[in-house]
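The next block holds one structure in the form of structure tokens; read it before the comments.
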Amino acid sequence: MRRLLLMVIILLVIPQAKALIVEVDIKGEINQGTVELVNQGFDLAEKEKAQAVLIVLDTPGGLLSSTKEIVSMIMNSEIPVITYVPKGAFSASAGTIILLSGHISAMANGTSLGSATPVGLSEEERNKTVNYVASYLESIAEARGKPKEIVRKFVTEGISLTAREAYEKGVIDVLADSREELLEKVDGWKVNVNGKTITLHLKGERIVKVSKSLKSEIAGFLSNPIVVFLLLLIGIYALIIGFSTPGVGLEIVGIVCLILALFGLHVINFNYLGLILIIIGAILLIFELFTPTHGILAVASIILIVLGSVMLVKEPLMPKDFYRSFLYLVAGMSIGIASFMSYAVIKIFQTRRMRVKVGEVVGEVGEIVEFSDGKGFVKVRGEIWRCKSDEELKKGDEVVIVRREGLTLWVKRKS
């Protein structure tokens, strides 16, 4: 009896530890940076043995590939996931898919969801994508016990529902105007998590909010379609200029930009035809350099690069506003960068041709910039030339130009 009385006193006197809830806020367009942020939240939840993960949504949509990664994390989570659209926010397109994938989906009054119809596609692509996304959303609804016929219309008809309508039709589980009200309403609920029934105890919650890491910020920046295009165009032209003017180092810049662009393209469901047009455009510019056509090939190069850039992105769940401005923005950037780079490359080669005619360098002294296996580069009058020698030379050696063969100088060590 004494032992029982002591236990009762302890339970009454000592405050109970508050339940830990990890909150992840998804704001703006969904991209690879969002994936990293959500993954960060699940890692923290597992480490701290959290009672639940709360995903707060305010998004117009985003990348389909990134959305699928986030949904996969939610569906496979061993910790209950509550998805929530708070007051003043909305959850459209990709956001709707994430909202419905939670073990418990909730919204505040005055918010809305839906409108997940794919955009920015040709008619044939659109039909295929609509069927795919609709089936994907239906499978999520089936797993969470939501009405499939209504959910399908989010994709096929682009319908939207208010929070009240979604609640009355069984599309969401809870109406709550604040986090506190939400957690109080779901306290004591039983949810099925991968075949296990878990009872939620969230009253007197302790919420830990996950902030974006440097990794998620970088991933989000690099997966932005506009940034991808800039990196791709700069990378291609930097390689051309770099290989045409050895020693400057632009080829390194080009390689780095292309690697970063490829990372961005990995998370974008891009059109291969667009990428092929950009590559052909770069090849035409190279032809212009060696077979002068008075700029005809350079203009064709710019046109192909612009067309390729516009065709490259095929992301059906990006918001409509993105596609309204995307065409003009990318076309403008592509024309500007391509025109400037084309002009720069052509001028460099024109200068080189002129130098061959009038630049007499035989007998002058130069400095080796790079040399191995009998060939390399020499700096003469501040300009870089290809060079050859019968002697083994190293960087910094002073040499005398003995003869010229086209753009290649034969040199010997200065005595």
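The values are calculated or read from the model by the stated rules, or taken from the named source; none is laboratory data. Quick caveat: nothing in here was measured; it's all calculated off a predicted structure. Neighbour counts run over all protein chains shown; Cβ positions are idealised from the backbone, glycine included. Each accessible area value is taken on the protein alone, full model and side chains, heavy atoms only, with ligands, DNA and RNA left out. Shrake-Rupley method; radii C 1.70, N 1.55, O 1.52, S 1.80 Å.
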Which of the trypsin sites (Lys or Arg not before Pro) found in segment 146-202 are in a DSSP loop and have at most 15 neighbouring Cβ atoms, other than their own, within 10 Å?
169
Cross-link partners among lysines for residue 388, C-alpha distance below 22 Å, same-chain residues fewer than 8 apart left out?
357, 375, 379, 412, 414
Could you pull out every one of the lysines with an alpha carbon less than 17 Å from that of residue 148, ignoring same-chain neighbours closer than 8 positions?
169
Would you tell me the accessible area of residue 112, worked out with a 1.4 angstrom probe on the heavy atoms of the protein chains, in Å² to the nearest 10?
40 Å²
Reachable aspartates and glutamates, given that their alpha-carbon falls under 15 Å from the alpha-carbon of residue 27 and they are not under 8 places away in the same chain:
36, 58, 217
Roughly to the nearest percent, how much of the accessible area of segment 83-229 is carbon and sulfur, given a 1.4 Å probe?
49 percent
Given a 1.4 angstrom probe, what's the average accessible area per residue across segment 68-188, in square angstrom?
40 Å²
Order 410, 189, 385 by their accessible area, 1.4 angstrom probe, all chains in place, largest first.
189, 410, 385
Using the Karplus curve 6.51 cos²θ - 1.76 cosθ + 1.60 with θ = phi - 60°, what ³J(HN,Hα) values do you get for each residue of segment 174-180, in whole Hz, with x for Gly and Pro?
9, 10, 8, 8, 8, 4, 4
Quick one: which of 68/203; 49/196; 87/146 span more than 20 angstrom between C-alpha atoms?
68/203; 87/146
From largest accessible area down, sort 150, 276, 140; use a 1.4 Å probe on the protein chains.
276, 150, 140
